[in-house]
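Structure first, then comments.
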Amino acid sequence: MNSRGQQHNHKAALKLKTRIAAQLKRAAGKGLEAAIRFLAARIKETLNVPAPRAAIRGPAAGKKLGPIIGYRATTRAIPGAPPRKVTGRLQQSTTHKMLTPTIGIVGNYARSDPGQGKVAGFNYPRWHELGKTDSWGGGEHQFIKPTVDKYRKELETITRIAVRTELRVR
């Protein structure tokens, strides 16, 4: 084969390599998006264990009970178990997002109501998961890491199947 033929083959090989890399990246992104959607749903299921609760009532007029202004758990969650649902705010705030075609995140954006020196509210998902606070009890009720560990094989399978399917279709 002459020099010109080798150059043509080399260019064709580079072009093919670039197309395959782009296709793999696209397929991996689709698999990742399906996996993080699955994980967010499993985290919401984990957080869907109701706690025994009692109403917190505001000031009353006369002998009548005041209006309900919130709820509180009547018993504490077992250490090591996920937090139990009182208002549902933590469960409802579980979300997922693709940042780039190959980077996705799953998390919670819940905050308590502002007060006690916290203008934006207390970041209790972080407190439950990591225990990054001076308060007692932080990190005792993880819910994201145990869910990821529990469903790791399923997440890998979802991603792998999406990549295989995408590569076969093209």
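What the table shows:
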{"quantity": "Failed criterion for residue 27 (all others in (1) open to solvent by 60 Å² or more (accessible area, probe 1.4 Å); (2) within 30 Å of residue 160 (Cβ to Cβ) hold)", "calculated": "(1)"}
{"quantity": "Odd one out for residue 149, checked against (1) modelled with pLDDT under 80; (2) open to solvent by 60 Å² or more (accessible area, probe 1.4 Å); (3) of a type outside the set (Lys, Arg)", "calculated": "(1)"}
{"quantity": "First in region 52-79 and part of a loop (DSSP other than H, G, I, E, B), second anywhere and at pLDDT below 90 and open to solvent by 100 Å² or more (accessible area, probe 1.4 Å), Cβ under 9 Å, 6 or more apart", "calculated": "58/69; 65/57; 66/57; 66/59; 67/57; 67/59"}
{"quantity": "Single condition residue 6 does not satisfy, out of (1) out of contact with any strand residue (DSSP E or B) (no Cβ under 9 Å at 6 or more places or on another chain); (2) touching a residue at least 24 places away in the same chain (Cβ under 8 Å)", "calculated": "(2)"}
{"quantity": "Answer residue from region 61-79, given it is among the small types (Gly, Ala, Ser) and surrounded by 12 or more Cβ atoms within 10 Å (Cβ to Cβ) and is farthest from residue 156 (Cα to Cα) among those", "calculated": "66"}
{"quantity": "Number of the exception - residue 155 against (1) modelled with pLDDT of 90 or more; (2) surrounded by fewer than 17 Cβ atoms within 10 Å (Cβ to Cβ)", "calculated": "(2)"}
{"quantity": "Residues that are open to solvent by 50 Å² or more (accessible area, probe 1.4 Å), over 22 Å from residue 147 (Cα atoms) and out of contact with any Lys or Arg (no Cβ under 8 Å at 6 or more places or on another chain), drawn from region 30-60", "calculated": "52, 57, 59, 60"}
{"quantity": "Test for residue 71: is it over 26 Å from residue 148 (Cα atoms) and of a type in the set (Phe, Trp, Tyr)", "calculated": "yes"}
{"quantity": "Selected residue (criterion: nearest to residue 111 (Cα to Cα)) from residues of region 80-91 that are in contact (Cβ under 8 Å) with a residue 24 or more places away in the chain and in contact with a Leu (Cβ under 9 Å, 6 or more places away or on another chain)", "calculated": "90"}
{"quantity": "Tally of residues being assigned to a loop (DSSP other than H, G, I, E, B) and touching a Pro at 6+ places or on another chain (Cβ under 8 Å) across region 100-111", "calculated": "2"}
{"quantity": "Residue in region 80-99 that is least open to solvent (accessible area, probe 1.4 Å), counting only those that are assigned to a strand (DSSP E or B) and among the charged types (D, E, K, R)", "calculated": "85"}
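The values are calculated or read from the model by the stated rules, or taken from the named source; none is laboratory data. Keep in mind that this is a model prediction, so the values were computed, not measured. Please note: Cβ atoms are built from the backbone with ideal geometry, for glycine as well, and neighbour counts cover all protein chains shown. Surface accessibility is based on the protein's heavy atoms, side chains included, excluding ligands, DNA and RNA. Shrake-Rupley method; radii C 1.70, N 1.55, O 1.52, S 1.80 Å.
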